[in-house]
Amino acid sequence: MSIYLDVIWALNFMVDLMLLMLVQILARKPVKKIRLFFGAFVASCIVPLTIYFPDSFFNHVAGKLMYSFVIICSTFGFKSLYRFIKLTFLFYFVSFAIGGGLMAIHFFLQRPVTVSLEGIITFNQGYGDPVSWIFVITCFPIIWYFTKRRMDEHVGEQVKYDEMHKVVLTINHQSFESIGYIDSGNQLVDPLTKQPVVICDQPFLKQWFDDEVWKELQHVKENLDFSRLPKKWEDKLHLVPYQGVDGAHSFMLAIRAEKLTIFYNNDVLETANVLIGIQFGVLERDGQYHCLLHPLIVKQSITQTA
């Protein structure tokens, strides 16, 4: 039996690339195209390992699991354990979903095709069974598109009002961008000025502060020791009282920013002199967003723009 390794490798490379693209789309993780291609190349290397080394470690369950870790690291990198595990499970989910769809069509049409987590290998004598090649080339994109479309519809049904958008925050004449999340549950308002408060977390806000100043701000928040306020920021800092979900009253340290720009769909919304609540920690453990946008700010900005 002749095996055309280059053809099989090319097919698996395209399949793995589309799988990783679907993982990236569903996870909403910005990844450079070169990383996707590199990850697909690493994933497709299972083909020569499977063919030339059938008894290798990577053909066993533990080896396949470790190899999937390498694929995820090669494509998305390693930023946190939670993010890594989430992407790995999503990779398996996508592989099983599309592989299961292909298996269903395969049994329905009774065509020879081998489906595995690492990819799809179809080969026969000579160049291969042309029906099986047509089956893979035509059915895989259809199932891929159906899976993506259905997942997008599901997300759209679950997330209606709450959305994530690019934001640019300007404090002390310095601007940095991040992702903001329009949270209908964020109703924090300064009781004195009646101004809505946008909450930003530590990884984003530390770009404006050095470590020493940040520690002083944290000390002020924890001990309400206003004598430790950094001189440079005294005129920009405010205390905003709020009531937590447990009914307890507390204070949030806030800083007045010169401008907040929200890229809302096709509109650019700008708000001046906005209060930014300081979250000493992360807002979302997966790091998908770093600002909780107050719905009232977005509504007022849309009204002003209109």
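The values are calculated or read from the model by the stated rules, or taken from the named source; none is laboratory data. Just so we're clear, the structure is a prediction, and the values are computed from it rather than from any experiment. Positions of Cβ are generated from backbone atoms using ideal geometry, with glycine treated the same way; all protein chains shown enter the neighbour counts. For the accessible areas, the whole protein counts, side chains as well, though only heavy atoms, and no ligand, DNA or RNA atoms are used. Shrake-Rupley method; radii C 1.70, N 1.55, O 1.52, S 1.80 Å.
Report the extension gain between residue 35 and residue 93 in nm, rounded to one decimal, defined as 0.36 nm multiplied by the number of residues separating them, less their alpha carbon distance.
On the way: separation 58, 0.36 × 58 = 20.88 nm, distance 2.05 nm.
Between residue 35 and residue 93, full extension yields 18.8 nm more.
Cross-link list 215/236; 32/206; 206/236; 166/221; 33/86: which exceed 19 angstrom alpha carbon to alpha carbon?
Distance filter (> 19 Å) returns 32/206; 166/221; 33/86.
Pop out the carbon and sulfur fraction of the accessible area of segment 1-96 as a percent, whole number, probe 1.4 Å.
Result for segment 1-96: 75 percent of the exposed heavy-atom area is carbon or sulfur.
In segment 7-105, what trypsin sites (Lys or Arg not before Pro) fall in a loop by DSSP, with at most 10 other Cβ atoms inside 10 Å?
Details: sites: 28, 32, 33, 35, 64, 79, 83, 86; in loops: 28, 32, 79.
Answer in residue order: 32.
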Given backbone amide H placed at 1.01 Å from N, residues whose amide H is under 5 Å from that of residue 259, ignoring those fewer than 5 places away on the same chain, are 170, 273, 274
Note to self: with every protein chain in place and a 1.4 Å probe, segment 1-76 gives an accessible area per residue in Å² of 53
Cβ-Cβ cut-off under 12 Å around residue 260, Lys and Arg +1, Asp and Glu -1: the net charge is 0
The answer for the net charge of residues other than residue 38 whose Cβ lies under 14 angstrom from its Cβ, with Lys and Arg +1 and Asp and Glu -1, is +2
